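The next block holds one structure in the form of structure tokens; read it before the comments.
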Amino acid sequence: MADLLTIDEARTKVLAAITPLDARELAVADALGLVLAEDVVAAHDVPSFANSAMDGFAIRSGPAGRRLRIVGESRAGAPSERPVGDGEAVRISTGAAVPDGADAILPAEDADDRGETVAPTTDVAAGHHVREPGEDLKAGAVVLPAGTVLGAAELGLAVEAGRATLRCARRPRVAVLATGDELVAPGEPLRHGQLHNSNAITLAALARRAGAEVVSTGEVADDAHATRDAIAGALDGADALLLTGGVSVGPHDHVKPALHANGVDEVFWRVALRPGKPMWFGRRGAQLVFGLPGNPVSAMVCFLLFARPALLAMQGAPAAPARRRAILGASVPRQRGREEAVRVRFEDGRALPTGPQGSHQLHSMLGADALAIVPRGEGEIPAGAEVEIEPI
């Protein structure tokens, strides 16, 4: 199998075919899950003024026991205009601006408050419970770099940085097409030899989690003309097409000729990978086509290793989760000619296989935290050995 690509070689070819998607300006509230196409720079310090971290009193730092006259109040959104002098205090709420002249906050629980006067019951140091300007963000600093996937915290930070709109890559438009005479729709009664079309559901879900807009899902029987027409329809308006099944060399595998008839050029076929050896990849201009194996685990593994990086890279996001090393919690057999993507979960800091690893056993993906990339070779990798893992 020396002619087969390794996982890394195949992924390199996929990423070399990427055309970045165009970007557009959106309201911050509409940008959840999208990828930034520009750096977000803080327009001002955050906070922009010194404010209190506690309910209590704004005072000048000093020892306990002083009796201070209360001369005003500073509330959030309604700062005190009265500066704090020697022997004075201003009532203050959490988040309210610290008045001029004060350099510390006396928390209410450390204060002997008698209504018109207050006395600290502990020594109060300068800066005590004061949030200084720029503690969170400094004006001019890049707070969100281009390529950031925007979650709730990122959106909030962009608003704090002064942004009302964000320039984001559009979502890749993805079509999903499953092939096979044996496939029937979810929930339909099964006749002998039939299977429910789970691949279309799982692949569409994986694509959405990678930031894509799924524009169509479908299935087509093992017929040459029907396959060619279905692929033509799925490619219309899509940035990427996820095909599953029909990419092997059997007499009823019509996908590759149908792709060729639709102007899709093959980049590679077959990877030294278990599960997923029949993986096919091609392109038509900027459109990408992934011919994923029909077995459900093979389809998911190949999506995670090849299609997910492509969809992320099209949006300008990091192409794949950073790989790291992990300790195996159980021995794993090696394949002589192929790397193996073993589904593992983490328990007590170790990576444990999720159970039987057959390419048809979809339950092996349940609870899986990562793919352990087991190098090709003889024998087995023992428990306690280190392997490279790719988070799911």
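The values are calculated or read from the model by the stated rules, or taken from the named source; none is laboratory data. None of these values were measured; they are calculated from a predicted model. With ideal geometry, Cβ positions are generated from the backbone for all residues, glycine too; neighbour counts draw on all protein chains shown. The area values use the complete protein model at the heavy-atom level, side chains included, leaving out ligands, DNA and RNA. Shrake-Rupley method; radii C 1.70, N 1.55, O 1.52, S 1.80 Å.
When only residues in the stretch 78-101 that are within 15 Å of ASP55 (Cα to Cα) and not aliphatic (A, V, I, L, M) count, which is least open to solvent (accessible area, probe 1.4 Å)? Residue satisfying both the conditions and the ranking: PRO99. Looking only at the stretch 29-59, count how many residues are out of contact with any strand residue (DSSP E or B) (no Cβ under 9 Å at 6 or more places or on another chain) and hydrophobic (A, V, I, L, M, F, W, C). Total satisfying the criteria: 3.
For the stretch 1-29, taking the residues that are of a type in the set (D, E, K, R) and out of contact with any Ser or Thr (no Cβ under 9 Å at 6 or more places or on another chain), the one that is nearest to CYS302 (Cα to Cα) is identified as ARG11. Taking the stated definitions as given, is ARG191 open to solvent by 10 Å² or more (accessible area, probe 1.4 Å), out of contact with any Cys (no Cβ under 7 Å at 6 or more places or on another chain) and not in a loop (DSSP other than H, G, I, E, B)? Judged against the criteria, ARG191 is not a match. Any idea which residue in the stretch 211-237 is least open to solvent (accessible area, probe 1.4 Å), counting only those that are in a strand (DSSP E or B) and either among the polar types (S, T, N, Q) or at pLDDT 95 or above (or both)? By that ranking, first place goes to VAL214. For ASP265, the requirement of being more than 30 Å from PRO333 (Cβ to Cβ) and surrounded by 15 or more Cβ atoms within 10 Å (Cβ to Cβ) is not met. Quick one: ILE201 ticks every box in (1) open to solvent by 40 Å² or more (accessible area, probe 1.4 Å); (2) modelled with pLDDT of 95 or more; (3) in a helix (DSSP H, G or I) bar one, so which box is it? The one condition ILE201 does not meet is (2). Based on this model, can you work out whether GLY140 counts as open to solvent by less than 40 Å² (accessible area, probe 1.4 Å) and not in a strand (DSSP E or B)? It is false that GLY140 is open to solvent by less than 40 Å² (accessible area, probe 1.4 Å) and not in a strand (DSSP E or B). Residue pairs whose Cβ atoms lie under 9 Å apart, sitting 6 or more positions apart in sequence or on different chains, and linking a residue in the stretch 83-110 that is more than 15 Å from VAL71 (Cα to Cα) and at pLDDT below 95 to a partner that is among the basic types (Lys, Arg) and open to solvent by 10 Å² or more (accessible area, probe 1.4 Å), do not occur here.
Scanning the stretch 25-69 for residues being part of a strand (DSSP E or B), under 25 Å from GLU135 (Cα atoms) and without any contact (Cβ under 8 Å) to a residue 60 or more places away in the chain gives a total of 1. The listed residues are ARG338, ARG323, and the only one of them that is in contact (Cβ under 8 Å) with a residue 12 or more places away in the chain and surrounded by 15 or more Cβ atoms within 10 Å (Cβ to Cβ) turns out to be ARG338. Is one or more of the residues making up the stretch 357-371 in contact with an Asp or Glu (Cβ under 9 Å, 6 or more places away or on another chain) and farther than 18 Å from ALA299 by Cα? The answer is no; no qualifying residue exists. When ARG308, ARG324, ARG376, ARG336 are screened for being under 17 Å from the mean Cα position of the chain (by Cα) and more than 20 Å from ALA240 (Cβ to Cβ), only ARG324 passes.
For every residue, the table says whether it meets (1) modelled with pLDDT of 95 or more; (2) within 25 Å of the chain's Cα centre (by Cα).
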site: ASP239; (1), (2): yes, yes
site: LEU243; (1), (2): yes, yes
site: SER248; (1), (2): no, no
site: HIS252; (1), (2): no, no
site: ALA261; (1), (2): yes, no
site: PHE268; (1), (2): yes, no
site: VAL271; (1), (2): yes, no
site: GLY276; (1), (2): no, yes
site: PHE290; (1), (2): yes, yes
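Of all residue pairs spaced 6 or more apart or on separate chains, those with beta-carbon atoms under 6 Å, a first member in the stretch 300-317 that is among the basic types (Lys, Arg) and a second member that is part of a loop (DSSP other than H, G, I, E, B) are ARG308/ALA210. Please go through the stretch 238-280 and pick out each residue that is assigned to a strand (DSSP E or B) and more than 21 Å from ILE201 (Cα to Cα). Within the stretch 238-280, ASP265, GLU266, VAL267, PHE268, TRP269, VAL271, LEU273, ARG274 meet the criteria.
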